[in-house]
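The values are calculated or read from the model by the stated rules, or taken from the named source; none is laboratory data. Since we're looking at a predicted model, the values are computed, not measured. Don't worry about glycine lacking a Cβ; one is built from the backbone with ideal geometry, like all the others, and counts go over all protein chains shown. Calculation scope for accessible area: heavy atoms of the full protein, side chains included, ligands and nucleic acids excluded. Shrake-Rupley method; radii C 1.70, N 1.55, O 1.52, S 1.80 Å.
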Amino acid sequence: MLAALDLATDKLYYRIRPRKRWREFLGLLKALRACWPGQKLYVVLDNFSPHKHARVCAWTSDHDLELVFLRTYGSWLNWIESEFAALRYFALNGTDHRSHDEQNAAIAAYVRWRNARTEPKTTFAPDSPIRTWTRHPTCAA
């Protein structure tokens, strides 16, 4: 599962794919780009290697999308991590799904339920000085 959390609306966007390579990640970024055309997008990420792939970095720089990398072992700083914990608790813990399709349906049901009850978060500061140390050298604009 690859996912993104929109901080403005608190909506969770996700894709379930058999693998999590740079191609699948780029597909998610393209879907996110289509949701907000003409706006600068900031995507907060951990240091998973597909996030740093040269083709991903090249595409993001050409499409007004900035990748913001957290420090190593700092993924707990990413707001989406708490959403993953909730998803595991409400959709996966204590279950014995007979197939991936059944498991994916449980995840989809939880995300629909969660997104129907969201409340917007406060505005995140894109000009924060913290951004000076969250850029990865290969993806710096």
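Okay, here's what the table says:
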{"item": "Hits in segment 97-126 (condition: at pLDDT below 90, loosely packed, with under 11 Cβ neighbours inside 10 Å and of a type in the set (A, V, I, L, M, F, W, C))", "result": "ALA125"}
{"item": "All helices (runs of 4 or more DSSP H) inside segment 42-119 with 1 or more residues being in contact (Cβ under 8 Å) with a residue 60 or more places away in the chain, among the acidic types (Asp, Glu) and on the phi < 0 side of the Ramachandran plot", "result": "80-87"}
{"item": "Selection status of TRP36, under 15 Å from the mean Cα position of the chain (by Cα) and open to solvent by 70 Å² or more (accessible area, probe 1.4 Å)", "result": "no"}
{"item": "Any hit, segment 76-96, residues being at pLDDT below 90, touching a strand residue (DSSP E or B) at 6+ places or on another chain (Cβ under 8 Å) and of a type in the set (Phe, Trp, Tyr)", "result": "yes"}
{"item": "Test for GLU66: is it touching a strand residue (DSSP E or B) at 6+ places or on another chain (Cβ under 6 Å) and of a type in the set (D, E, K, R)", "result": "yes"}
{"item": "Some residue of segment 51-63 being aliphatic (A, V, I, L, M) and more than 14 Å from TRP22 (Cβ to Cβ)", "result": "no"}
